[in-house]
Amino acid sequence: MGRKTSLILTLALVATLLVAPLAAEAQQAGKVYRIGLLAAGVPLPHVVRAIAGFRLELQGRGYVEGQNLFIEERWAEGRLERLPELAGELLRANVDLIVAGGTPNALAARKVSATIPIVAVGATTVVESGLVLSLSKPGGNV
C-alpha cells in the first residue's frame, strides 16, 4: 500500500473511531464540535485529499461544517519551531480534539494540553518519544 493511500485510510479510520460514539449525542444535544488539525508541512495535494476524505467521513456521520462542526487547520509550512505556537492557537480556539500529523506535531500538542484528546496520525516512536506509556496502555491524552 502506498504512503498516500495509507494516510487517507488512516484519516478515515480516525474519523470513524472518533465520531461513531459521539454521533447520537451531537445530533441530540446540538453541540458544536471543534477539531484542530496540526500539520508540520504545507498543504500538499495528497494531504489535502486525505483531509477532504476525513471531512467526507465526518459529514457521512452527521457532522456538517459550519453547523455542528468546525475544523481549525494550522500549517507550520516546514518550520517545526512554529509547532508549539500553532498548537497553542488550537488550544485557544477551544478545540475538542487535535489531529496531529506526525510525532513532532503530537509532541507540540501534548505540551500545550494534557487534557484535549490528541490523535497522532502517522506518528512513529510514540513510546520512545514519551507520547504514550505503552502501545497496549497509552495513558494520557494521546
* For the range 85-142, what is the per residue volume of the convex hull drawn over the alpha-carbon atoms, in cubic angstrom? -> 68
* Could you pull out the GluC sites (Glu not before Pro) across the range 45-142 that fall in loop regions by DSSP (anything but H, G, I, E, B) with no more than 13 other Cβ atoms inside 10 Å? => GLU77, GLU128
* **Size descriptor, Kirkwood hydrodynamic radius, that averages inverse alpha-carbon separations across the range 58-117, Å** => 12.3
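Taken together, the values in this text are just the output of simple stated rules run on the coordinates, not laboratory data. These numbers were taken from a predicted model, which means no experiment stands behind them. Neighbour counts run over all protein chains shown; Cβ positions are idealised from the backbone, glycine included.
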